[in-house]
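Report on the following structure.
Quick note: the coordinates plus some simple rules give every number you see, no bench work behind them. Values in this document were obtained by computation on a predicted structure and should not be read as measured data. Cβ: placed from backbone, ideal geometry, glycine included. Neighbour counts: every protein chain shown.
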Amino acid sequence: MEKTSSIKKFLLDNRQIFYSLSLMIVIPGLVIANALMFSESLKGTVNYALQNKATGISDGINAGLSKSLDSPEQMQSFIDTWSFYNDDVKSLDVFYYENDTFRLVSSTNKEQIGRTDNAMIYLVAWNKNWPSAQKVSIPTTEQGKFNNYWLVIYPLKDLDGQKKALLSMYLSADVVDTSLSVALVKSFWILVATVILIVLLLFANARLFEYSILYNKIKEVDQMKDEFISMASHELRTPITVIKGYVEMVLEDNNSGLSSEAKENLGIVNTSSDRLASLIEDMLNVSRIEQGRLKVELKEMDAWPLIEETVKEMKIQADQKGLALSAVLEPNSKSMVSIDKDRFKQVLINIIGNSIKYTPSGSVDIKVKNNKEKNLVIVVKDTGIGMSAKDREKLFQKFYRVKSQKTESITGTGLGLWITKQIIELMKGVVSVDSMEGVGTQVTIEIPLIS
């Protein structure tokens, strides 16, 4: 029982290899079978054509003898001339039907003139008054060797259409058989080359199967990684929330009796807790997006009040850095869209927060308008450090952060913009970035308006 289970496991683990081996046997086998069937079909077609050709030659001989069928001497003269110019004819005989037997009256083999023959094929052709042709093999002087011929039996008729004699002719088929053999040999080598190419292709296919198996295993590992991150992030949220709650409670308690140094250290703990909580939330969002578990509940709403609310909340951060933060809705612009309120606010916080984070001085301006495509367009423009064209291309990649002397002191995970892009696309919108080093960055969000 254990041995059967091991064999079954081995077969399942290596099913792609066995599948490839099966293809290596089946496909060349089918090609060979097809080639053999084609060869047989070709032989049949050629033989049929040769049969018709042999009958056609007999028609020509009949036309040449039609005026002299009553004269064996004249027929002999014609046969001598014919055989001189047609060396592929082994023998050509003309018989008269007399007293239920066939008597040879003219022939390429003059010594045989006068003999009689009652062969069944002669009787059938004579009685049916219809030509007959069949392929025969005649032994040669060399032992074990044969020559192929077409035996043609043809009732000869005079000018009035009356049968007068019977033609028996052996027409050589060696030339055609040799040509056919040469063609088949060439076809065989082409077949061999084809089979070799197929086998090589299947070997390559087997390698692709190996890569496929490896890819599936990597996918499984990647899925396990996502599940671990999701589980770990969930488990970390609770202790971080507890730590943050107790730290804030102590900091807000004026009667705690803590020294200024202790409060400063707790402030550092609180800031680090915020960063860690943000990282955990980002990791959870990444896990949800990659597993297709991040859902958006789209509802029709006016986006402008939500934008104003978010800007007011973030004004504290801007004021701490001495930045001017403003939001303007262009006159006559509509702002009714289908969005997930919480996710949309998360997007705004990420983008406006980034602008504030990477702008040492100056301003962050938000302009809301409509475009010709009937989209709500939200433009977040800052006077920050900007970025190069190379950095712009990779900006929305996971874990990518612009690295320069100006960004060394700025913390972040490189996940915010990737998450933002995924959320915007889930809300059927698009996001784009335009930036110039030392000048600033402009992020544009477009979401379809509700007509």
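Sorted on the mean count of surrounding Cβ atoms within 10 Å across their residues, most packed first, peptides 436-445, 387-396 read 436-445, 387-396. Annotation: amide H of LEU449 within the under-5 Å range of ASN375, LEU376, sequence separation 5 or more or interchain, hydrogens built in the peptide plane. The overall shape of region 238-325, judged from the alpha-carbon gyration tensor, is oblate: a/c is not under 1.5, and a/b is no greater than b/c.
Shape class of region 324-368 from the Cα gyration tensor (axes a ≥ b ≥ c, square roots of the eigenvalues): oblate, since a/c reaches 1.5 or more and a/b does not exceed b/c.
Around the amide H of LYS164, modelled in the peptide plane, lie the amide H atoms of LEU156, LYS157, ASP158, all under 5 Å away and 5 or more residues distant in sequence or on another chain. Each of ILE352, ILE113, ILE447 was scored by other Cβ atoms within 10 Å of its Cβ. Listed from fewest to most, they are ILE113, ILE447, ILE352.
Contact order for region 299-448, expressed relative to its length and based on alpha carbon pairs under 8 Å spaced 6+ residues apart, stands at 25 percent. Amide H contacts for VAL364 (H built 1.01 Å from N in the peptide plane; partners 5 or more residues away or on another chain; cut-off under 5 Å): ALA324, LEU325, SER326. With θ taken as phi - 60° and the Karplus curve 6.51 cos²θ - 1.76 cosθ + 1.60 applied, the whole-hertz 3J(HN,Hα) list for region 378-383 is 10, 10, 10, 10, 10, 10 Hz, x standing for glycine and proline.
Stokes-Einstein, applied to the Kirkwood radius of region 299-448 over Cα pairs at a viscosity of 1.002 mPa s and 20 °C, places its translational diffusion at 137 µm² s⁻¹. Could you size up the charge dipole of region 299-448 around its Cα centre, putting +1 on the beta carbon of Lys and Arg and -1 on that of Asp and Glu, and report it in debye to the nearest 20? Rounded to the nearest 20 debye, it is 280 debye. Sequence-ordered 3J(HN,Hα) estimates for region 439-448 from the Karplus curve with 6.51, -1.76 and 1.60 and θ = phi - 60° stand at 10, x, 10, 10, 9, 10, 10, 10, 10, x Hz, glycine and proline given as x.
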